[in-house]
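Quick notes on the structure that follows.
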Amino acid sequence: MSRLSNRATDRDSTVAGVAAEALAERRPQGRILVAGDTDGAMEEALADGGAEVVSWHRLALDGKPATPWPADGAFDGAVLRLPRGWAAFEMALHALAARLPAGAPLWIAGSNDEGITSAPKRFDGLADGVETLTIKRRARLLETRRTSDSAKGNLEDWRETVALPLPGRDGALDLVSYPGLFAHGRLDTGTECLLQVLPEIAAGTAVLDFGCGAGVIARAVRERTPDARLTLLDIDAVALHAARQNVPDAECVLSDGLAGLGARERFGLIVSNPPLHRGKDEDFGMLEALVAGTKQYLKLRGSLVAVTQRTAGVGKLFKTAFGHADLLLETPQFQVWKGTPK
């Protein structure tokens, strides 16, 4: 794990630990819905205090089961680990609030540098009466109460159709997306760079879109090579939910890395605009694991094509990992590299 990965993990542990202490003192009872507690400390504190804990993870971190939306049902309270991005926070807040009766407590945990102090400004009429229960180690736990206002409590309430222009295609392509997904509502510049130099793909080629997001790259491959055999992999259950709609005939894998693939999976091409952040921190761990593990999943003469920011230093990584590495495109901001094992 990279130093930056450690930093993100340390922040999660700190926030969870601070929040767990305050929740242990509060000792909430009944059914409590806990969203995004990757560390597990908050869930443990609630269970030890006598609460019935129901977990919801949107991200399949460390092999945790993940779903795009929490389970239906009534809850007596909810805990939300502040997610990355205010659009994701808004969706999660609505999802939790829709499952709480008026007056039920809602706790929100996060760190100062993640913007936890700004969370009350984005309650959208769903909660009121904020109290800061604890401030330790630059982390906070907020307590508020559910109001009687309506909430958008179904995932499809957030579904949007966006028109994206793709390189080499006449006219825009309509794709499904959800607020908070990577490059929501636009074609990411890095993705555009990759698509500009994407190698020709032979009919029937098995292609993996790693970190697929809403499936933009995979859909572009489908447009160019209709009978390519596509596999889409992402850590985010909401992203994969969108991708299934955009590339309905593809196989979809919810996983935080290549290990989610079958041991015998082999691809003629792996394409990726890999995630380089965990939370607010840069995290090259996923990129490093992708490059290091790719050869195991490539067929003979298969290749990995990835786009990253120039600052990621991917050239050295590719040249070390592969017998043959080519810089396909370079702009002031991005590089597209192709690696082919010997």
Legend entry - Boolean, residue 16 is at pLDDT 95 or above, closer than 15 Å to residue 142 by Cα and in a helix (DSSP H, G or I): yes
Inset, instruction - Return only the number of the condition from (1) at pLDDT 90 or above; (2) surrounded by fewer than 21 Cβ atoms within 10 Å (Cβ to Cβ) that residue 271 does not satisfy. - result: (2)
Legend entry - Number of the exception - residue 230 against (1) open to solvent by less than 40 Å² (accessible area, probe 1.4 Å); (2) in a loop (DSSP other than H, G, I, E, B): (2)
Legend entry - Counted residues, the range 289-323 - those being open to solvent by 60 Å² or more (accessible area, probe 1.4 Å) and touching a Gly at 6+ places or on another chain (Cβ under 6 Å): 1
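Would you call residue 289 within 29 Å of residue 180 (Cβ to Cβ) and part of a strand (DSSP E or B)? Break it down stepwise before answering.
Numbers: within 29 Å of residue 180 (Cβ to Cβ): yes; part of a strand (DSSP E or B): no.
No.
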Inset, instruction - Kindly indicate whether any position in the range 324-337 is outside any helix (DSSP H, G or I), in contact with a strand residue (DSSP E or B) (Cβ under 6 Å, 6 or more places away or on another chain), among the small types (Gly, Ala, Ser) and open to solvent by 10 Å² or more (accessible area, probe 1.4 Å). - result: yes
Inset, instruction - State whether the residues of the range 198-215 include one that is touching a strand residue (DSSP E or B) at 6+ places or on another chain (Cβ under 9 Å), open to solvent by 10 Å² or more (accessible area, probe 1.4 Å), within 29 Å of residue 88 (Cβ to Cβ) and assigned to a helix (DSSP H, G or I). - result: no
Inset, instruction - Find all pairs meeting these conditions: Cβ atoms under 7 angstrom apart; at least six residues apart or on different chains; first residue within the range 184-204 and on the phi > 0 side of the Ramachandran plot; second residue open to solvent by 40 Å² or more (accessible area, probe 1.4 Å) and not aliphatic (A, V, I, L, M). - result: 204/227; 204/229
Inset, instruction - Please go through the range 292-323 and pick out each residue that is within 26 Å of the chain's Cα centre (by Cα) and assigned to a strand (DSSP E or B). - result: 298, 303, 304, 305, 306, 307, 308, 309
Inset, instruction - Just give me the residues in the range 19-41 being of a type outside the set (A, V, I, L, M, F, W, C) and in contact with a Ser or Thr (Cβ under 8 Å, 6 or more places away or on another chain), in sequence order. - result: 21, 37, 39
Legend entry - Residue list for the range 137-150, restricted to those being in a loop (DSSP other than H, G, I, E, B) and surrounded by 16 or more Cβ atoms within 10 Å (Cβ to Cβ): 147
Legend entry - Search result, residues across the range 226-253 that are closer than 19 Å to residue 167 by Cβ, touching a strand residue (DSSP E or B) at 6+ places or on another chain (Cβ under 8 Å) and without any contact (Cβ under 8 Å) to a residue 60 or more places away in the chain: 228, 230, 247
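The values are calculated or read from the model by the stated rules, or taken from the named source; none is laboratory data. If you're wondering where the values come from, they're calculated on a predicted model, not measured in any experiment. When we count neighbours, we look across all protein chains shown, and the Cβ atoms used for this are built from the backbone with ideal geometry, even at glycine. Just so you know, the surface numbers come from the protein's heavy atoms only, side chains and all, with ligands and any DNA or RNA stripped out. Shrake-Rupley method; radii C 1.70, N 1.55, O 1.52, S 1.80 Å.
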